[in-house]
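A short worksheet on the structure shown next.
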Amino acid sequence: MDAAIAALAERIRAAAESRQALCIRGGGSKDFYGGEPRGELLDARGYAGIVSYEPSELVVTARAGTPLAELEAVLADNGQMLAFEPPHFSPGATLGGCVAAGLSGPRRAAAGALRDFVLGARVLDGRGRWLAFGGEVMKNVAGYDVSRLLAGSLGTLGLIAQVSLKVLPRPQREITLAFEMPEARALETTNRWAGLPLPISATAWHDGRLSVRLSGAESALRAAAEKLGGEAAASEAAARDWTAIREQTVPFFAGEAPLWRVSLPSNAKPLALPEAQLIEWGGALRWLKSGADAATVRGAAAQAGGHATLFRGGDRAAGVFAPLAPALARLHREIKAAFDPAGILNPGRLYREF
Amino acid sequence: MGEALSLTKIDAERQRTVAQALRTFLPARAVLWQEEDTRPYECDGLTAYRKVPMVVALPETEEQVQRILRSCHAMEVPVVPRGAGTGLSGGALPRGDGVLLAMAKFMRVLRIDPLARVAVVQPGVPNGAISDVVSPFGLYYAPDPSSQIACSIGGNVAENSGGVHCLKYGLTVHNVLRVRGFTIDGEPVSFGSEALDAPGYDLLALAIGSEGMLAVITEVTVKLLPKPQTARVVMASFDDVETAGQAVAAIIAAGILPAGLEMMDRPATQAVEEFVHAGYDLEAAAILLCESDGTPEEVEDEIARVRAVLASAGATRTSVSRDEAERLRFWSGRKAAFPAMGRISPDYYCMDGTIPRKRLGEVLNFIGDMERKYGLRCPNVFHAGDGNLHPLILFDAASADELRRTERFAAEVLEKCVAVGGTITGEHGVGVEKIDQMCVQFSAAELETFHALKRAFDPQGLLNPGKAVPTLRRCAEFGRMRVHGAQLPHPELPRF
Ligand SMILES: Cc1cc2nc3c(=O)[nH]c(=O)nc-3n(C[C@H](O)[C@H](O)[C@H](O)COP(=O)(O)OP(=O)(O)OC[C@H]3O[C@@H](n4cnc5c(N)ncnc54)[C@H](O)[C@@H]3O)c2cc1C
């Protein structure tokens, strides 16, 4: 344990003793996400840097404070990438915040989510204990999979200090095809295509226009493009568009109305809500700008077999994430207590009760 | 392997009470307690450990599972879930004071949704059967353990099983969307969802690989993938295993992610060649099998790149499967590696350590040293792409001395895997077999965290107790507690 970790551990121990809530924060790029941050600021940015990276092992290990952009640049220099394409939401985004938020970008449906690429983590729990789970190898079933449990836990289980991630080679080439089609047909089409051996790596539908990104070998892309048709976009512009969708800078995301993230089975019918949507992940992720009350949106999501998160804006106090069934809520409380018995780490960020 | 768990002798009166309690809601055929009926359940695939269970329960419905759990919970009887019993770490080893909950009758495929590419199946369905039933839709379930014709999807979930294609397609955890089941008190739970995520903590990831200790799984929703249009495999020969290991790194460094990337050393190829005639090069010190799948264009492109890399990485011979029959023949030897060992030796003991690939040469040399030290042979098969080793120690269990030497050999190799930055188990689980090595891999505080998680699901420790996570006392007795910094964890604990 180095001095920086010892100091952070001491800080957490002292806070636990005095029951002082701590707000763990990296670049603050996801302050808007989850329950309102509260407590004394614990800045994780000081613990930064890539610890080890060997491209031929397909693994990178870095400290929580490492800027996401810096990490991605190093991977790109070696022809590799974080295949889950995490959103940054601001230039200051750090790796720790990225893992704690657990969000994935356009490639998620094809390549897997952030949690799928987490191989190991080192964490300071709510008692300030320095714990290591998983490791730097691709397969590891020794002990419960705590490192994946930390992904998306919003810092409520511990300060995620260091993470090992599986990385993948960047595709040799990418092209984007565009199609004009209404929502229902776009849903049917993207689901059908996903069941065929096609190199589709992302989809986005909005306002009658479906974009489909293909990734892979030149020859395979040519064959797939011939089969699918559509209108091919210039590749640099298309790459910028996918980044803009990931970073929510396309016009759809602008404006004051609350943004809902509705996660559904990919082939669920169009949501019975009047407002505009942007649909990613082959139908499994539906962004909704809507002033409708939470019960209406959550009800529509549940009816379609999924759940809705109040992603940005709106009344966070009423709960950001879909409420849990009683048995799951009890498990959540017990798990939280196992890691953070004093309840000091990011209280209320995930659910109000803890 | 460590010494067997101290399991009590069967208490006849307790046995009668428990069997009678279960008979109030289960038919006679679903409650076994006479030794001739319970004996077949005494072990899983790790036959070195055996224990006849007090009672075997064979439920057919979720409601029966729930009632069994409620009833055992009320009587404080330990419950051990069992799938097909192919596990290699003693995860389904019964207890003489417990109920073995056999999920063998949960054999139905409940729903297939070809458009959404999911199948909902009961936990007893064999892994391979899923791909068979969805095949008419052009889909398959990707994780393919070598035991796939027998092992159950419930067992796969409990062990987070892998297969030869998991470098590209992932393990069980990457291919299961949702599980449903019960905690030990009979409370119904569902983790994950048919969407790509669920609110709250990722309890699905926690349940997968939890070795049947957190919940009994009664339903599994798996993700299906489109069958690749075509697949071909390159077989390459090498003069020494280290060069073969470097060739694996070279393939990945070239930006290629093969569908499968497996290595076998000469003792292993010799053993399987006699058994299945796969056409392996017996002159080679090691062979690599590198599979490419996808569209015909992708495969052709990738195979050409793989061949170029292998040639410059020192392969002495390469051949590419010309058709599906030849591709399956190349794989047949790899997939038959375990049974082939059974033909050349009375017993074999399969290890499962995973290491960073760059340490392969060092670890293989270490295994060679151990062969000499313990006077036992140890062929190697290896999921080279993801660093998962399966050294197979050949021994004769009839000789108590050979068994002892095998155990020590295996323990040294697993500890070596930890020392080079790897893990004691990549896919077979800890079970009872590697429980002592957990003390080497994890600190006391980490083990305590595992126990605290277990208590969150099962405060009394009744569901598959004594597996996977050692008590701190046991580690103290084992005398190998990992030391963090210079300080022993828990100096207050007595150490012997
Ligand atoms: C020849 C051979 C080859 C193998 N090859 C591979 C391989 O390539 N890759 C690999 O990963 N493994 C392999 N294995 C190991 C084994 O097949 C897997 O671990 C498999 O997943 C076990 O499934 P099972 O149904 O036999 O489970 P069991 O052995 O019956 O049980 C395994 C564990 O799962 C728990 N369990 C079972 N069902 C449930 C349920 N419904 N709910 C809760 N817990 C449950 C049990 O308590 C136990 O802890 C191999 C085994 C053999 C014998």
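FYI, it's all coordinate maths here, none of it is from the lab. This is a predicted model, so every value here is computed, not measured. For neighbour counting, all protein chains shown are included, and Cβ atoms are generated from backbone atoms with ideal geometry for every residue, glycine included.
Sorted on the mean count of surrounding Cβ atoms within 10 Å across their residues, most packed first, peptides A:239-248, B:380-389 read B:380-389, A:239-248. Comparing B:Ala119, B:Ala400, B:Ser135 along the charge dipole axis of the protein assembly as shown, the residue lying farthest to the positive side is B:Ala119, per the Cβ-charge model. Bridging of A:Lys227 to lysines at a Cα separation below 21 Å is possible for B:Lys227, once same-chain residues fewer than 8 apart are set aside. Using a simple charge model, +1 on the beta-carbon of Lys and Arg, -1 on the beta-carbon of Asp and Glu, nothing else, what dipole does the protein assembly as shown show about its Cα centre, in debye to the nearest 20? That gives a dipole near 1400 debye. From the helices alone, meaning DSSP H stretches of at least four residues, give me the mean residue ellipticity at 222 nm for chain A, per-run term -39500 (n - 2.57), in deg cm²/dmol to the nearest 500. Using -39500 (n - 2.57) per qualifying helix, the result is -8500 deg cm²/dmol. Note that the protein assembly as shown shows a convex hull volume over its alpha carbon atoms of 155 Å³ per residue. The mean count of C-beta atoms from other chains within 10 Å of the C-beta of residues in B:445-451, rounded to a whole number, is 5.
For the residue pairs B:Lys373/B:Lys416; A:Lys139/B:Lys434; A:Lys139/A:Lys166; A:Lys336/B:Lys467, the alpha carbons lie more than 18 Å apart in A:Lys336/B:Lys467. The alpha-carbon atoms of chain B define a convex hull whose volume equals 159 cubic angstrom per residue.
Taken along its three principal axes, the alpha carbon spread of region B:109-226 comes to 39, 28, 25 Å, from the longest extent down to the shortest. Annotation: average projected area of region A:173-246 is 4.6 square nanometres, based on the convex hull of Cα atoms across all directions. For the listed peptides B:445-458, B:196-209, B:101-114, a ranking on the average number of other beta carbons within 10 Å per residue, highest first, reads B:196-209, B:445-458, B:101-114. Set against the 2.2 N^0.38 Å expectation for a compact globular protein, chain A has a Cα radius of gyration ratio of 1.01.
Dipole check for chain B: with +1 at the C-beta of Lys and Arg, -1 at the C-beta of Asp and Glu, and the Cα centre as origin, the magnitude is about 680 Debye. The Cα-based radius of gyration of region B:42-84, divided by its Kirkwood radius, gives an Rg/Rh of 1.02. Per the Debye formula on identical point scatterers at the alpha carbon atoms of region A:3-169, with no solvent, log10 I(q)/I(0) at q = 0.20 Å⁻¹ is -1.37. Relative to the longest principal axis of the Cα atoms of chain B, the long axis of helix B:444-457 lies at roughly 60 degrees. Legend: calculated FRET efficiency, A:Glu236 to B:Leu115, from the Cβ-Cβ distance at R0 = 35 Å, rounded to 0.05, equals 0.55. Put in line by how crowded their Cβ is, counting other Cβ atoms within 10 Å and starting with the fewest, B:Ser152, A:Ser56 read A:Ser56, B:Ser152. Note on B:293-304: average number of Cβ atoms from other chains within 10 Å of each residue's Cβ is 5. Placing +1 on the Cβ of every Lys and Arg and -1 on the Cβ of every Asp and Glu, with no other charges, gives region A:46-182 a dipole of roughly 380 debye about its Cα centre. Please report, in cubic angstrom per residue, the volume enclosed by the convex hull of the alpha-carbon atoms of region B:35-123. Convex hull of Cα atoms, per residue: 108 Å³.
Using the alpha-carbon atoms, what tilt in degrees (0 to 90, nearest 10) does helix B:296-312 show relative to the longest principal axis of chain B? Between the helix axis and the principal axis of chain B, the angle is about 70 degrees. A helix-only calculation puts chain B at -10500 deg cm²/dmol for mean residue ellipticity at 222 nm, using -39500 (n - 2.57) for each DSSP H run of at least four residues, averaged over all residues. Using bins of 10 Å that start at zero, the share of Cα-Cα pairs per bin across region B:345-433 amounts to 18, 54, 25, 2, in whole %. Other protein chain C-beta atoms within 10 Å of residue C-beta, averaged over A:54-67: 3.
In region A:251-312, the convex hull through the Cα atoms has an average projected area of 3.7 nm², a quarter of its surface area. Computed over all pairs of different Cα atoms, the Kirkwood value for the hydrodynamic radius of region A:1-97 is 14.8 Å. Here the 3J(HN,Hα) profile of region B:45-57, calculated from phi with Karplus coefficients 6.51, -1.76 and 1.60 at θ = phi - 60°, is x, 9, 7, 5, 10, 9, 7, 6, x, 5, 9, 10, 10 Hz, Gly and Pro shown as x.
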